[in-house]
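This report concerns only the one structure given below.
The values are calculated or read from the model by the stated rules, or taken from the named source; none is laboratory data. Predicted model only: the values in this text are computed from it and were never measured. Here the Cβ positions follow ideal geometry from the backbone for every residue, glycine too, while neighbour counts run over all protein chains shown. The protein model used for the area step is the full one, side chains on, heavy atoms only, and it has no ligands, DNA or RNA in it. Shrake-Rupley method; radii C 1.70, N 1.55, O 1.52, S 1.80 Å.
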Amino acid sequence: MNDDDILVEFIIEAREILDQLDLDFVQLEITPDDKKLVANIFRAMHTLKGSSGFFAFKRLEKVSHAGESLLGKIRDGQLTLDTQKTTMLFSALDCLRVIIEGIESNQTEPTGDDTALVENLLALAAGKEANVPSAPVQVTQPAAPVEPQIVSTPNPAPEDAEIKQVHSPVAVSSDDGESTDQVWAPDPADIVKTQESAAPVKVSLELLDKLMNLVSEMVLARNRLLPFTNQFSDHDFSSAVRVVDLLTLELQERMMKTRMQPISQVWTKFPRLIRDVSNQCGKQVSLIQEGAETELDRTLLDAIRDPLVHIIRNSIDHGIELPADRVSCGKPELGKVLLRASHENGMVVIEIADDGAGVDFDLVRQRAIEKNLIPPQNAHELSDLQLLEFIFLPGFSTKSQVTNLSGRGVGMDVVKTNISNIGGSIDINSQRGVGTNIRLKIPLTLAIMPALFVRCGAEPYAIPQNSVLEMVRLDLNSDTTGLEDFYGTPVFRLRNQLVPILFLNHQLEVNQDWPADDAVLNIAILQSSGIRFGLVVDEVLNMQEVVVKPLGPLLKDVKDFAGATILGNGRVALILDIDGIAIQSGMVAKIQSRPLNSETVQERSYEEDVAMLSFELEGQSRLAIYLDNVERLEMISPKQVQRNGNRNVIQYGKEIMHLLYLNHYIEGANKRRASLTEDEVIPVIVHYTNGIPVGLVVSQVHDIIHVSKNLHEANPPQKGLLGCVSLNDQVINVIDLQEILMMRNLQENSKEYPAVIDMDFS
């Protein structure tokens, strides 16, 4: 190992020590009698001082030695830790961090005068008063760490083993007096097991990025190869392509894992932030963390750091009340801020909640009137939910005075912009006197993402899957309401809610045709800027993972597109920018000025309803299946279907999925399907039973419906049906999935399983 590698290792280790000391100082302030924690902190500072002396970094050694002197007196019981000493130690950490950053940038220590800091530390160590305030004048924000050149997982030296185990979670008392464990770092036992089972690995981040680019190109090549399996009937060729598909998928998953890092790498900065902000505001706040082990792409960690800092600062400054005010409201003096992360439908969901006073909606309304954002006569008609949208406007603030914490109006608009730039969304919910909950949804990665492909005119376009809420097929001929006009905006009714719609062909200026009165509209229900709207497309094609490519200089200023990708046939498809389309169309401004669904409208409560997926079979009118029984929807080609004994099956990822043709099990449905052409596809509802996928083959899938839980049972009983429900004066039969699966098993056991797909092409 050369000198440069040793220096890189030192910088990485120094950063790890400083990050852990941030956490330990916060915990030590809560539990100053924890002798083991004090010893670990002292040892970590001693290690940093020793390494600094090895490299002859005099500034670093001098400051760390002064901090070690103070910690030594605290460890020996000669001094007691208080707020002033903790603040001084945090100042020392900030100074050390600046020196480390300078060393990384220039390979030498930056110049600077630390005399006052060192004198204050030594004065406190001697039991004298230091010339420092009891609370920091400026709030320390967690700085974005400079990306190291090497990703390293070295085995710790024996003398450093105990330092490496300073990962004990911080406990914060709950209302009932029980402690809540925090997950800021992995369990030391798990670290030891991992280090014993894996050898040290060093990988350049530049090499990781190059490997990821190669995997992305391999995914594109796989996508180009897959369509050829439908054009040729060579079984060996199809098998080889299937193997390539599975290997590419596994390689992609493995490569993605190398880029994944736990969100705790960002969260470790927040206990210090909470401590500094709450001290400056004169409040008492504890931080509770859940799901710190949740992983996401390392490129997104930096992108979410600043938004989270803004939200946490706002939660303390705007949300949490002063201790006296909390007591007068019947709350404990100690306010709480909750950080929770989890995976949900291929996205990372981060929740930031507090138990403060909530948003001051009356003040928001007043500020909106003062800034001429809304006429006074219309201001009182806005609901609390609609008032929340003003918070995200640039320059909007409810603070009358500008401080170093708030009042500039550059907080939440920056949050929304940064989250939107990485393909995420933000949702805020606040209740007066109860608190505020902010929910961020961000993609796992930006390199490869699932997308819904649609057709507009002759061209395919991709819609990011995280923007798609649901798909609706609206038959204007049979729908009782059809399209309506709301102050110049076309809308339609979806489960008693008005949904505005945009026509993609109008937005992209492909043509200006309007649908005929008896047309069938394919509508993608999307979410943008807190507004749900429908995008009408000519045809829904398929779902597919795509590799995102940046736009060229000719299209970079076009707001309708967010990127491009390469299709299996080698053609380029543009990726739609949903936020850009909604804003460019002017729909967002129209809906915000004239809300569609006012809270004063008496709406049906869905608490007593149940969600179902409606579909059709030949010979039957509308049918439905409970949504809890639906894993996902697939569109398969007849050429994918193969025989496995007396079953029809398809390759489904790494598994074999049995196909079950519902028309053979539902009374009244046509038992034989119509012949399929080569270009047609088969709609399949995927259901898992005992961990095995089963594909329910139907004629056509419609949309998700919410109907009453009161099911009208079939009398007399009908094969394959539980009963029926009513929706908009239409009777919908509900299938009995358990009975159908039992009938399928009986047929297979008696060797009477029918060959139910017509494999001939007309």
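A few notes on this one:
- Strands (runs of 3 or more DSSP E) within region 418-532 that include 3 or more residues within 30 Å of the chain's Cα centre (by Cα), of a type outside the set (F, W, Y) and buried (at least 17 other Cβ atoms within 10 Å of the Cβ): 425-431, 435-443, 448-456, 459-464, 468-475, 497-503, 520-528
- Residue in region 71-90 that is part of a loop (DSSP other than H, G, I, E, B), farther than 20 Å from A126 by Cα and of a type in the set (A, V, I, L, M) present: no
- Screening region 561-594 for residues that are of a type outside the set (A, V, I, L, M, F, W, C) and open to solvent by less than 40 Å² (accessible area, probe 1.4 Å) and picking the one that is modelled with the highest pLDDT gives T565.
- Exactly one residue out of P271, P262 is closer than 18 Å to L23 by Cα, surrounded by 18 or more Cβ atoms within 10 Å (Cβ to Cβ), touching a Leu at 6+ places or on another chain (Cβ under 6 Å) and not hydrophobic (A, V, I, L, M, F, W, C), and it is P271.
- Residues in region 732-762 that are part of a loop (DSSP other than H, G, I, E, B) and at pLDDT 85 or above: D736 alone.
- Taking each residue of region 235-255 that is among the charged types (D, E, K, R) and looking for partners that are open to solvent by 40 Å² or more (accessible area, probe 1.4 Å) and not in a helix (DSSP H, G or I) with beta-carbon atoms closer than 8 Å, six or more apart or interchain, yields R242/Q651.
- Out of L296, L273, L308, L301, sole residue that is within 22 Å of V414 (Cβ to Cβ) and not in a helix (DSSP H, G or I): L296
- For first residues located in region 370-382 and at pLDDT 75 or above and among the charged types (D, E, K, R), partners that are open to solvent by less than 80 Å² (accessible area, probe 1.4 Å) and assigned to a loop (DSSP other than H, G, I, E, B) and lie 6+ apart or on another chain with Cβ distances below 9 Å form the pairs K371/L393; K371/G395; K371/F396.
- The set of residues from region 516-528 being under 21 Å from M449 (Cα atoms) and in contact (Cβ under 8 Å) with a residue 60 or more places away in the chain comprises A524, L526, Q527, S528.
- Summed over region 516-531, residues that are modelled with pLDDT of 80 or more and touching a strand residue (DSSP E or B) at 6+ places or on another chain (Cβ under 8 Å) total 7.
- Leading residue by the ranking (most open to solvent (accessible area, probe 1.4 Å)) among those in region 316-346 that are closer than 22 Å to L296 by Cβ and not in a strand (DSSP E or B): N345
- Test: residue in region 103-112 that is closer than 27 Å to D317 by Cβ, at pLDDT 70 or above, of a type in the set (S, T, Y) and assigned to a helix (DSSP H, G or I): no
Residue-by-condition table, conditions (1) open to solvent by less than 30 Å² (accessible area, probe 1.4 Å); (2) at pLDDT 85 or above:
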residue	(1), (2)
T80	no, no
K85	yes, no
V98	no, yes
L122	no, yes
Q138	no, no
E147	no, no
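- Conditions (1) at pLDDT below 85; (2) within 18 Å of L70 (Cβ to Cβ); (3) open to solvent by less than 40 Å² (accessible area, probe 1.4 Å); number of the one not met by L7: (2)
- Residue count for region 277-293, restricted to those that are within 25 Å of the chain's Cα centre (by Cα) and either part of a strand (DSSP E or B) or free of Cβ contacts under 8 Å to residues at least 12 places away in the same chain (or both): 5
- Failed item in (1) more than 34 Å from the chain's Cα centre (by Cα); (2) crowded, with 21+ Cβ neighbours inside 10 Å, with L28 passing the rest: (1)
- On inspection, S64 passes the criterion of being at pLDDT 85 or above and in a helix (DSSP H, G or I).
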